[in-house]
Amino acid sequence: MAPNGEITIRMYRVGFGDCFLVSLPVAGETRYILVDCGVHTRGDIHSLKEVVANIASVTGRKLAVVIATHAHQDHLAGFAKYADEFTKFEIGEVWLPWTWDPKNPAAVQLQAKHAALAAELTAHFAIFADANSAAADAVANLTGNATAIALLKSGFGVGATVRYLTARDELTDPADIKGLAVKVLGPPDSEDFLAQMNPPAGQHYLRLTSSNGQKGTSVQPFPARWRTTRTELNGGSLTAEEEDRLNEEAETPADELAFALDKARNNESVVTLLSYRGRNLLFAGDAQYGNWRGWIEDAELNDILPQVNFYKVAHHGSVNATPKDALEAMTDGEFAAMVSTQSTPWASIPRVPLMARLNEKTGKRMVRSDWLHVKDAPSPLPKSLPPQAARLPAGFTKGTLWFDYVLPLGG
């Protein structure tokens with residue numbers, strides 16, 4: 001798929017999930033790297049079967065590398081659902097986060113804790129039908145991944161070399177791709193970094209109030225049931241009923257636990273900088289602030305972001321990924337971006353101010369997967385940004401279920 005002298009990145013429209021195919025021209029042939037293959041149950045547009053078939057057709061069932069960034073169904077589900085197909089591939093290497101390593105005691109302990117908490121939360125949301133649906137969706141994304149994880153850790157049963165990656169690992173000519181250099185930027189192995197789930201103030205693109213009537217971009221610190229338009233509130237006091245409800249919620253932190261576990265999984269994301277013949281491709285998985293912080297604050301790595309030529313936007317363009325400092329450090333107009341996203345099941349994704357700033361930083365060389373119009377699939381929300389242009393930016397083309405970005409090799 002990669003023309004001679006060019007790199008091609010294909011972003012598939014899978015719904016709410018990620019699936020990217022990177023094509024590299026190597027010594028007269030094309031070598032392929034697959035980054036994730038999954039979709040969230042509540043954001044499934046039922047395209048994965050065709051997507052996997054296209055991957056098989058394009059690659060001739062030969063993948064140099066498969067990268068599974070982290071244990072969420074929106075990044076892994078396809079490996080399990082179409083295991084019979086993937087086990088027919090010739091696969092050189094499989095790259096996984098260190099947190100999956102069965103020989104690492106800290107990883108084993110971490111996974112056991114996560115599994116136990118996920119099971120408890122699943123049981124909780126099954127009982128309480130009126131529970132926070134967004135929190136329940138977050139827990140659903142954590143579960144049902146055992147088959148995919150086992151398949152990946154086995155090297156798909158085809159003898160693929162399995163690597164468990166940690167921040168600061170460096171790979172030269174992996175899977176015999178001559179000229180490819182890889183810097184592994186995440187996940188960090190520090191508990192402090194993994195615990196940093198949300199960016200501090202000033203590290204994301206937010207509006208506290210709307211400047212143009214876009215209610216979806218404003219921050220509401222309290223749920224709707226605690227907001228009122230009344231100017232007088234019983235002398236400024238809560239009613240007895242309201243006090244009881246508040247006390248009950250304070251004693252039931254299941255929603256908070258669900259989101260915390262979801263974010264912890266995102267922070268386990270394998271983040272890679274793929275450098276090939278003068279071009280730098282940044283694949284950030286669903287990395288949140290704790291993962292990014294592990295390297296954007298490292299003086300030795302300060303030169304990475306200004307040299308990025310392609311950015312796979314982290315976590316579908318959510319508020320708690322792509323720290324402001326990271327995006328601002330990328331060179332204006334010198335990189336392109338792809339964001340695999342849609343607003344189902346979470347209407348707050350992608351973050352409107354972030355999408356607007358990405359469009360500015362890339363010089364309008366970005367595409368969203370939900371710009372591909374697929375039957376019965378959700379379209380961007382009415383006030384989404386940037387607005388879809390009549391023509392794709394230079395370097396981008398589209399197919400039935402994908403966008404391609406072609407990046408000429410550097411000098």
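Values in this text are rule-based calculations from the coordinates and carry no lab data. The structure presented is a predicted model; accordingly, all values stated were derived computationally and were not measured. Using ideal geometry, Cβ is built from the backbone for each residue, glycine included, and neighbour counts are taken over all protein chains shown.
Just a few scattered comments:
- Taking amide H as placed 1.01 Å from N in the peptide plane, Val94 has its amide H under 5 Å from the amide H of Val66, Thr161, Val162, Arg163, each at least 5 places away in sequence or on another chain.
- For Leu185, nonlocal amide neighbours, meaning residues 5 or more places apart or on other chains whose placed amide H falls under 5 Å from its own, are Arg168, Val271, Thr272, Leu273.
- The orientation-averaged shadow of the Cα convex hull for the stretch 1-73, equal to a quarter of the hull surface, comes to 4.8 nm².
- With the simple spin-label model, which puts each label point 7 Å out from Cα in the Cβ direction, the Ala390 to Asp169 separation comes to 4.9 nm.
- Derived from the Cα gyration tensor, the three semi-axes of the equivalent ellipsoid of the stretch 18-128 are 30, 19, 10 Å, largest first.
- Globularity index of the stretch 74-159, i.e. its alpha-carbon radius of gyration over 2.2 N^0.38 Å: 1.28
- Long-range amide H partners of Gly179 with built H, under 5 Å: Asp173
- Calculated from backbone phi, Karplus (6.51, -1.76, 1.60) coupling profile of the stretch 359-370 in Hz, x at Gly/Pro: 4, 5, 5, 7, x, 6, 9, 9, 9, 10, 4, 6
- Residues of type lysines that Lys178 reaches as a straight line, Cα spacing below 21 Å, ignoring anything fewer than 8 places off in the same chain: Lys62
- Length released on extending from Glu29 to Ala181, taking residue separation times 0.36 nm less the Cα-Cα span: 52.9 nm
- Leading residue at positive end of dipole, the stretch 1-113 (Cβ point charges), from Thr30, His75, Gln109: Gln109
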